Amino acid sequence: MKTKTSPKTAFTLVEIMIVVAIIGLLAAVAIPNFLHARSKSQQTACINNLRQLDQAKQAWAMEKGKSSSDTPVQSDVQPYLGRGSSGTLPCCPLDSTRVFINSYTLGDVSNAPVCNLNGNGQKDPATPHELPRGAS
């Protein structure tokens, strides 16, 4: 009587190497896109914070009858940010200290607030996140 033996089904070394190469290729494409999306979302969050700060400055100036050359301090704009007088002020997502003073400079009423951090999370007034012109 003949015994039938079925060949064992298994992956060959070449097939496993091809699968690993495909996964590596997909990772090489996906990781840079993920990092770009992350930095873009941080920039968007910072610009939205700048927009809120600018609107708070404008509301403060209008309510208190201030001129365009007056400069508000943190406690002046805090009630206009919807966080109450004891709430925290926003900070740039790149700021590891999470302190408003390190993140933003308010400036006078006629100028938009400025982010003090660049894309590396370091203080660099030459390359800040900026509020687009005419956007408040």
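The values are calculated or read from the model by the stated rules, or taken from the named source; none is laboratory data. Predicted model only: the values in this text are computed from it and were never measured. Note that we place each Cβ from the backbone using ideal geometry, even for glycine, and neighbour counts take in every protein chain shown. When the accessible area is computed, the model is the full protein with side chains, heavy atoms only, and any ligands, DNA or RNA have been set aside. Shrake-Rupley method; radii C 1.70, N 1.55, O 1.52, S 1.80 Å.
Among the numbered conditions (1) part of a helix (DSSP H, G or I); (2) out of contact with any Phe, Trp or Tyr (no Cβ under 7 Å at 6 or more places or on another chain), the only one that residue 56 does not meet is (2). Inspect all residues belonging to the stretch 33-46 and state whether any of them is in a loop (DSSP other than H, G, I, E, B) and surrounded by 11 or more Cβ atoms within 10 Å (Cβ to Cβ). Checking the stretch 33-46: not a single residue is in a loop (DSSP other than H, G, I, E, B) and surrounded by 11 or more Cβ atoms within 10 Å (Cβ to Cβ).
Please go through (1) in contact with a strand residue (DSSP E or B) (Cβ under 9 Å, 6 or more places away or on another chain); (2) exposed (fewer than 15 other Cβ atoms within 10 Å of the Cβ); (3) modelled with pLDDT of 90 or more for residue 125 and return the number of the only condition it doesn't satisfy. Failing condition for residue 125: (3). Look at the stretch 91-119: where a residue is over 19 Å from residue 43 (Cβ atoms) and a partner is part of a strand (DSSP E or B), sitting 6+ places away or on another chain with Cβ atoms under 8 Å, you get 107/114.
Could you tell me whether the stretch 54-64 includes any residue that is charged (D, E, K, R), open to solvent by 100 Å² or more (accessible area, probe 1.4 Å) and modelled with pLDDT under 90? Looking for residues that are charged (D, E, K, R), open to solvent by 100 Å² or more (accessible area, probe 1.4 Å) and modelled with pLDDT under 90, one finds none in the stretch 54-64, hence no.
Selection of the stretch 71-109 for residues being open to solvent by 50 Å² or more (accessible area, probe 1.4 Å) and in a loop (DSSP other than H, G, I, E, B) yields 71, 73, 82, 83, 85, 86, 88, 96, 97, 98, 99. Can residue 50 be described as touching a residue at least 24 places away in the same chain (Cβ under 8 Å) and closer than 19 Å to residue 130 by Cβ? For residue 50, the condition - touching a residue at least 24 places away in the same chain (Cβ under 8 Å) and closer than 19 Å to residue 130 by Cβ - is met.
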